[in-house]
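Reviewing the structure listed below.
The values are calculated or read from the model by the stated rules, or taken from the named source; none is laboratory data. Computed from a predicted model, the values in this text were never measured in an experiment. Cβ coordinates were reconstructed from backbone atoms using ideal geometry, including for glycine residues, and neighbour counts include every protein chain displayed.
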Amino acid sequence: MDRKRETTNQWEGRAPDTAPWRARLHEIIFEADTRAGKAFDVGLLIAIAVSIVTVMLESVPEIRRNHLASLLLAEWFFTLLFTVEYVVRLLCVRRPLRYAFSFFGIVDILAVAPMYLAALGMGSGYGLIVRSLRLLRVFRIFKLGPFVQESLALRRALWASRAKIVVFLATVSTIVVIIGALMYAIEGPEHGFTSIPRSIYWAIVTMTTVGYGTIVPSTALGQSLSALMMVLGYSLIVVPTGLVTADLLRVDSVTTEACPDCARQGHDHDAEFCKYCGASL
């Protein structure tokens, strides 16, 4: 009994009778290891997807003209729903301000703020500002991030490969600068290569195999160099994939357990403390 009371009191010094419901809410909202947590995640996932579709439909003039009332009603429903979700998230973490200023905390604000700002009349008379506020609602798509558990391993693999990726990008940048300068010297302004920056643009487009065709070499030497760039581009495509894949295989699996303090996930199965803020899990 004493151990249970001590554990409960660790929940930010709250009284023993209030900590259990906060712990239960935290488990449901921030984690997906329980049936209730999975049900909450699935429900929220559906709400986010439908709300994004609603925002997209509102941008279609014909649909907006014929179904404006229904779209506004749906939009206010999702706004209130995400507002309640945001408030509950703040209630069930030990340090609400830390979550509020985290990435997903800011995303939660962006998901609801436009409707409230529009209701208060902010941006009235300025079409661009109103459209920008409405566009912010698309940021709800970032709320899908916590539902992709594999993204945690991918982020860790990208971070582990950062030095190799920087070297790769530096090498590619050097190549396109050199080839761009050569093409400017070979083709010249009369064939569309009016400057070195424009020639570098051609080199980037050619190496990435996009091939816009806005600039085309005309001389035999220029076409030979262009062919070399295209073959080199195909060869370089696999390099970053291999770098990330190698580190991805070395990344250990992680749980969906979220820290009660900072709400961040990505902890090892045997972790007892948060790797980001040091709080007990």
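Kindly provide the set of residues from the stretch 178-195 that are surrounded by fewer than 16 Cβ atoms within 10 Å (Cβ to Cβ) and in contact with a helix residue (DSSP H, G or I) (Cβ under 6 Å, 6 or more places away or on another chain), ordered by number.
The one that is surrounded by fewer than 16 Cβ atoms within 10 Å (Cβ to Cβ) and in contact with a helix residue (DSSP H, G or I) (Cβ under 6 Å, 6 or more places away or on another chain): Ala181.
Can you tell me which condition Leu91 does not meet? The list is (1) at pLDDT 85 or above; (2) assigned by TED's automatic domain parsing to the domain that holds Ser224, and all the others hold.
Against the list (1) at pLDDT 85 or above; (2) assigned by TED's automatic domain parsing to the domain that holds Ser224, Leu91 comes up short only on (2).
Test Thr206 against the criterion of being over 30 Å from Ala163 (Cα atoms), modelled with pLDDT of 80 or more and in the same structural domain as Gly188 (by TED's automatic domain parsing), and give yes or no.
no
Looking only at the stretch 207-225, filter to residues that are in a helix (DSSP H, G or I) and in contact with a helix residue (DSSP H, G or I) (Cβ under 6 Å, 6 or more places away or on another chain); which one of those is nearest to Thr194 (Cα to Cα)?
Among those residues, the one meeting the criterion is Gly222.
Looking only at the stretch 245-266, filter to residues that are at pLDDT 70 or above and not small (Gly, Ala, Ser); which one of those is nearest to the chain's Cα centre (by Cα)?
Arg264
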